[in-house]
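What follows is a single structure, written as structure tokens, with notes after it.
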Amino acid sequence: MPAEILGLYNYWIVIVLMMAGLYVVIASHNLVKKIVGLNIFQTSVFILYISMGEVEGGTAPILAEGIPRYANPLPHVLILTAIVVGVATTALGLALVVRIHQAYNSVEEDEIEKAEDSQP
Amino acid sequence: MIDIVLLSFLAVIALAIVRLRDLFAVVMLTGFYSLLSAALFVVLDAVDVAFTEAAVGAGIATILMLGTLGRIAGEPREHRERPWLPMLVVLITGGALLYGTLDMPHYGDPNAPVNLHVVPRYIEDSLAEIGVPNIVTSVLASYRGYDTLGETTVILTAAIGVMGLLQGRRRKTPGSKAPPASSNKRPRRASGVTGMLGNTMQHHLILHVIAKLLVPFILLFALYVQFHGDFGPGGGFQAGVIFAAGFILYGLIFGVNDAGLVASPATVRLLIAAGLLLYAGVGVATMLLGGQFLDYSVLSTEPIKGQHLGIMLIEFGVGTTVAATMVRLFYLFSR
């Protein structure tokens, strides 16, 4: 049983992080906090991929003499680019929040909806 | 063992972020969360990923969020109500996912399906085919060169989007005299990161001295990561974000105006496109030389030398686009 727990511990934490992010995205009314929630969700996916690529007794995938086993390089490539794309899209989300604040003077969903309803 | 401790800390921080309502604290914890996950990536042998996450998550993303908070100053606390329905949704989804993990191959299993397809070829043949010891670089730049070109394009697209949203409507169309929106009437105050942290930072002697000492080394390290990425951990994405982080540190402490004198927003904007153009240009050059798009082998008489040249050029293009995009984003969010 301990082997079972240790073997799946990474994935369970990933699920906890993912659900924490999802909860923030659904439950919070604040647009900035929603983006923070998306970021937590995103990082949990990164950890999922990198955990799957780890190989017992392996090392970083840089070829050298006398190393029997390497970690899987493919998830590293995918996640490396995803992180940089992720910050660019986060910036896009934050820019939208700034513009929404300029238009409605609020970043709280309920207040924005109220302002929408009161407009003709 | 270390990874278990780090993972547990990550879960604790994520739950703290969920509970906290003070947005400033939430953003700072997010930076800490990213730094911890970067440490975790080192333990999991993903050194290239760790570089990027440390520079992006703990540095640039946190600065951008602080910049946003500075611009929406006023009420940095969130409202919340009826959290039970979301909680139910999250618990059911989480339970289903948890059930799904029971069939997953265990952590570190060398015979997991993910390690058996394509990857043995990368590990066994990449040195002969590409001639680059860092497998991550050869997969990123050569085997999956199309994919990376696409990712770089997404970064350019996101930068264009942010510029379109935040650059303001300075162009006055003659004839249309719309009354200025109420938000434009407000007296212009220092806003963004520099506004939030106060311009007082420009007078902190200790910060000045430390930054002057650190910035050259950070920039030098970024260049090392850029051009040594074939042999050690590194490459265009990592170098780009590290270079940008060093530059942003300068901008934070000496003021955005001083940073603008070093690299004007217009120059930076050109560089974003120039990097991607270099990348795609290498692809076109290989086609003109009779190869396929992004097949670097035709760039030189020996295929391995051609691969090396091609990878160096496109990594330089990626680094330019990434660094310029991050600096441009910093300028936009700190105005």
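The values are calculated or read from the model by the stated rules, or taken from the named source; none is laboratory data. Quantities reported herein were computed from a predicted structural model and do not represent experimental measurements. Please note: Cβ atoms are built from the backbone with ideal geometry, for glycine as well, and neighbour counts cover all protein chains shown. For accessibility, only protein heavy atoms count, side chains too; no ligands or nucleic acids. Shrake-Rupley method; radii C 1.70, N 1.55, O 1.52, S 1.80 Å.
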Those residues of segment A:27-50 which are within 15 Å of the chain's Cα centre (by Cα), open to solvent by 10 Å² or more (accessible area, probe 1.4 Å) and hydrophobic (A, V, I, L, M, F, W, C), in sequence order: A:35, A:38, A:41, A:45, A:46, A:48
Check on residue B:332, more than 20 Å from the chain's Cα centre (by Cα) and in the same structural domain as residue B:125 (by TED's automatic domain parsing): no
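For segment B:227-259, which positions are more than 14 Å from chain A (Cβ to nearest Cβ) and in contact with a helix residue (DSSP H, G or I) (Cβ under 7 Å, 6 or more places away or on another chain)?
Within segment B:227-259, B:246, B:247, B:249, B:250, B:251, B:252, B:253, B:254, B:255, B:256, B:259 qualify.
Residue-by-condition table, conditions (1) over 30 Å from residue B:124 (Cβ atoms); (2) at pLDDT 95 or above; (3) more than 7 Å from chain B (Cβ to nearest Cβ); (4) in contact with a helix residue (DSSP H, G or I) (Cβ under 8 Å, 6 or more places away or on another chain):
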| position | (1), (2), (3), (4) |
| --- | --- |
| A:1 | yes, no, yes, no |
| A:7 | no, no, no, no |
| A:11 | no, no, no, yes |
| A:24 | yes, no, no, yes |
| A:57 | no, no, yes, no |
| A:60 | no, no, no, yes |
| A:86 | yes, no, yes, yes |
| A:100 | yes, no, yes, yes |
Count of segment B:279-307 residues which are in a helix (DSSP H, G or I) and crowded, with 19+ Cβ neighbours inside 10 Å: 9
Residues of segment A:62-81 that turn out to be more than 7 Å from chain B (Cβ to nearest Cβ) and crowded, with 21+ Cβ neighbours inside 10 Å, as a count: 1
Positions within segment B:127-166 being part of a helix (DSSP H, G or I), surrounded by 24 or more Cβ atoms within 10 Å (Cβ to Cβ) and polar (S, T, N, Q), in sequence order: B:137, B:138, B:148, B:152
Scope segment B:41-51; condition within 7 Å of another protein chain (Cβ to nearest Cβ), in contact (Cβ under 8 Å) with a residue 12 or more places away in the chain and of a type outside the set (D, E, K, R); matching residues: B:41, B:44, B:47
Cross-chain or 6+ apart pairs with Cβ under 7 Å, segment A:28-54 first and within 7 Å of chain B (Cβ to nearest Cβ), then open to solvent by 20 Å² or more (accessible area, probe 1.4 Å) and assigned to a strand (DSSP E or B): none
Sole residue being free of Cβ contacts under 8 Å to residues at least 60 places away in the same chain and in contact with a strand residue (DSSP E or B) (Cβ under 6 Å, 6 or more places away or on another chain), chosen from B:72, B:123: B:123
Search result, residues across segment A:70-110 that are of a type in the set (Gly, Ala, Ser) and within 16 Å of residue B:241 (Cα to Cα): A:82, A:86, A:88, A:91
Helices (runs of 4 or more DSSP H) lying entirely in segment A:1-105 (those with 1 or more residues that are of a type in the set (Asp, Glu)): A:2-27
Qualifying residue in segment B:238-245 (condition: within 19 Å of the chain's Cα centre (by Cα), buried (at least 20 other Cβ atoms within 10 Å of the Cβ), assigned to a helix (DSSP H, G or I) and of a type in the set (Phe, Trp, Tyr)): yes
Residues satisfying the stated conditions in segment B:10-19, i.e. surrounded by 17 or more Cβ atoms within 10 Å (Cβ to Cβ) and more than 7 Å from chain A (Cβ to nearest Cβ): B:13
Residue within segment B:48-60 that is among the polar types (S, T, N, Q) and either crowded, with 18+ Cβ neighbours inside 10 Å or farther than 20 Å from residue A:38 by Cβ (or both) present: yes
Qualifying residues in segment A:97-116 (those that are within 23 Å of the chain's Cα centre (by Cα) and not hydrophobic (A, V, I, L, M, F, W, C)) - the one most open to solvent (accessible area, probe 1.4 Å): A:109
Test set (1) closer than 25 Å to residue B:46 by Cβ; (2) assigned to a helix (DSSP H, G or I); (3) open to solvent by 50 Å² or more (accessible area, probe 1.4 Å); (4) not assigned by TED's automatic domain parsing to the domain that holds residue B:235 - residue B:121 fails condition number: (4)
